[in-house]
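What follows is a short report on a single structure.
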Amino acid sequence: MAKDNKDKKDGKESFVTEITPRSQDFSRWYLDVVRKAELADYSPVKGCMVIRPYGYAIWELLQRALDDRIKATGHVNAYFPLFIPNSLLTKEAEHVEGFSPQVAYVTHAGGEELEEKLVVRPTSEAIIGTMYANWVQSWRDLPILINQWANVVRWEKKTYPFLRTTEFLWQEGHTAHETEQEAEDETLKILDLYADVCENVLAMPVVKGRKTDSEKFAGALRTYSIEALMGDGRALQAGTSHNLGQNFAKAFDITFQARDKSVQHVWGTSWGVTTRLVGGVIMVHGDDSGLVLPPAVAPYQVVIVPIGRDNWRETVLPTAQKIQAELRGVGLRVTLDERDERPGWKFSEWEMRGVPVRLEIGPKDIEKSAVMVARRDTREKQSLPMDGLAGAIKSLLDQIQSGLLDRARQFRDEHTQRVSTYAEFKQVLDGRPGFVIAPWCGAADCEAQIKNDTSATIRNMPIGGAKPSGGCVRCDKPAHAEAWFAKAY
Ligand SMILES: [Zn+2]
């Protein structure tokens, strides 16, 4: 608190300059950016965060991009209750075992103790499975392709804004199919959809692959994930897609009459991505000056800062307003900073908030019928003519979007190393962080030993990855797959 008061006394300059440099302390830098860019704030409830309007706007843009793709692939949205009767959650043994340490219960309501305690959903397989059992009778009722946008609660001991909070927002898809193959196809289709959103909307390259049994979703047959590399070299699981097999169908009795008149259990999938992706965007692209937002999810893609002496409201503002209207006319998200602050202060603030493009307009620019255009990602500046400005800015934003993906991909590639001996493996993980690719035997105890020795986990085994050559990196038994290891969030 004392620090905040000091900020106010020293004037607003310190507000922007007081971000811990990313290179000095990544974790503090992240927390500074989250708070100073007004993305989120701590709440009176421990472990829960308040998503502020600027952070929520990023989530909404991401949500729209995801929702469009989810619907374009034949899914529809629905909504299921927040509470799940405890008896339903306990129906699938592996599922309840996996989630029980994180579950919050409602035991009292309406002034009395409930006969059966209610679970605050940590995920919705149990309640949705129960409903599907009523809705499915025949193969003609399949597939069911439903998604829901919701909040879930998983009690966490250690929380971190966006990346791990007790309550978070997400989408969860739950589908039911006639055959195992259809369920597997669905699981992988969604994995591709997630990768597409991460790469083309968030400019965040991901590795698509299968999780090991020890890392799979509680109750699933197979879990697939997309994994991204953050700016500090730690991995982030950015989304998961599960082939549930018939496990939940058997637990919840979801049966149907098949084409051959036999009674069978459906094959299920479930899949989700969360507000954690907002944290991913911050960590992949940000720099010492703060956020760097990909244009596709930037609440403002362009900020216009009028420059001028005391009378700028008369000399410059009308032109700035005209340009704002023109850019909005072609669908860009634009803000015009009319506050009575020095332009330099405004520049730093919008840089910190990650706005991809800044336009500076002063009397001299107006004379030349031009504007000064500054890129947030490369910090390059150039003067562009007002004539045809909207088109030029649009293509500049496209360049920034693809440039950010290229830059992140290059960083990822430079921080991914293939090793074959355990000595080399430990040495690489001890020094430069990032992904380490190595052959692995497939044994859970070997995986656990590696985690114990290095604190790295198997992020996934890429789909269509190279055939492993040689023996397991640790135990030298025949390798089962090439695994991507990393220290992870
Ligand atoms: Zn091994």
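The values are calculated or read from the model by the stated rules, or taken from the named source; none is laboratory data. What you see is a predicted model, and the numbers here were worked out from it, not measured in a lab. Cβ sites come from the backbone with ideal geometry, for glycine too, and all protein chains shown count toward neighbours. Ligands, DNA and RNA are stripped out before the accessible areas are found, and what is left, the full protein with its side chains, is counted by its heavy atoms. Shrake-Rupley method; radii C 1.70, N 1.55, O 1.52, S 1.80 Å.
The alpha-carbon positions of the range 64-196 define a convex hull whose volume is 148 Å³ per residue.
Surface composition of the chain: carbon plus sulfur atoms contribute 50% of the solvent-accessible area (1.4 Å probe, protein chains only, all chains present). The separation of the range 99-129 from the range 30-95, counted between C-alpha centres, amounts to 19 Å. A dipole drawn for the chain from +1 and -1 charges on Cβ atoms has a positive end, and of 24, 220, 303 the residue lying farthest that way is 24.
Which pairs, out of 36/364; 91/451; 117/211; 208/467; 71/211, put more than 22 Å between their alpha-carbon atoms? With Cα atoms farther than 22 Å apart: 36/364; 91/451; 117/211; 71/211.
Determine the shape class of the range 109-174: with a ≥ b ≥ c the square roots of the Cα gyration tensor eigenvalues, call it rounded for a/c under 1.5, and otherwise prolate if a/b is greater than b/c, oblate otherwise. Note, shape of the range 109-174 comes out oblate. Residue separation of residue 192 and residue 424 scaled by 0.36 nm, minus their Cα-Cα distance, works out to 80.3 nm of gained length.
Using the Kirkwood radius over C-alpha pairs as Rh, can you work out the diffusion coefficient of the chain via Stokes-Einstein at 37 °C, viscosity 0.692 mPa s, in µm² per second?
Value of D from the Cα-based Kirkwood radius: 132 µm²/s.
For the range 49-133, run through the chymotrypsin sites (Phe, Trp or Tyr not before Pro) and keep only the ones in DSSP coil with at most 15 other Cβ atoms within 10 Å of their Cβ.
79
These residues, 383, 420, go from largest to smallest accessible area, 1.4 Å probe, as 420, 383.
Taking every C-alpha pair closer than 8 Å and separated by at least 6 residues, the mean separation divided by the residue count of the range 185-309 gives a relative contact order of 21 percent. Available extension along the chain between residue 135 and residue 259 is 42.9 nm, counting 0.36 nm per residue and deducting the alpha carbon span. Can you classify the range 362-406 as rounded, prolate or oblate using the Cα gyration tensor, where a ≥ b ≥ c are the square roots of its eigenvalues, rounded means a/c under 1.5, and otherwise it's prolate if a/b beats b/c and oblate if not? In terms of gyration-tensor shape, oblate.
Near residue 243: Cβ cut-off under 9 Å, other residues only, Lys/Arg at +1 and Asp/Glu at -1. The net charge is -2. Taking every DSSP helix (H) stretch of at least 4 residues in the chain, weighting each as -39,500 (n - 2.57) and dividing the sum by the residue count yields a mean residue ellipticity at 222 nm of -11500 deg cm²/dmol. For the range 304-351, the set of trypsin sites (Lys or Arg not before Pro) satisfying both a DSSP loop assignment and a count of at most 10 other C-beta atoms within 10 Å is given as 309, 339.
May I ask you to derive the FRET efficiency for residue 23 and residue 105 from their Cβ-Cβ distance with R0 = 60 Å, giving the value to the nearest 0.05?
On the way: r = 44 Å, r/R0 = 0.74.
It comes out at approximately 0.85.
Between the beta carbons of residue 341 and residue 288, assuming R0 = 30 Å, the FRET efficiency works out to 0.85 to the nearest 0.05. Taking each residue as 0.36 nm, the span from residue 112 to residue 381 lengthens on full extension beyond its C-alpha to C-alpha distance by 90.3 nm. In the context of the full set of protein chains, the chain has a per residue accessible area of 45 Å² (1.4 Å probe). The overall shape of the range 63-115, judged from the alpha-carbon gyration tensor, is prolate: a/c is not under 1.5, and a/b is greater than b/c. In this calculation the C-beta distance from residue 392 to residue 414 is compared with R0 = 22 Å, giving a FRET efficiency of 0.10.
Look at the alpha carbon pairs under 8 Å that are at least 6 residues apart: their mean separation over the length of the chain gives a relative contact order of 14 percent. Overall, the chain carries a charge dipole of about 820 debye about its Cα centre when +1 sits on the Cβ of Lys and Arg and -1 on the Cβ of Asp and Glu, all other atoms neutral.
Centroid-to-centroid, using Cα positions, the range 249-287 and the range 344-374 are 45 Å apart. Here the Kirkwood formula, the inverse mean of 1/r across different C-alpha pairs, assigns the range 246-307 a hydrodynamic radius of 16.5 Å.
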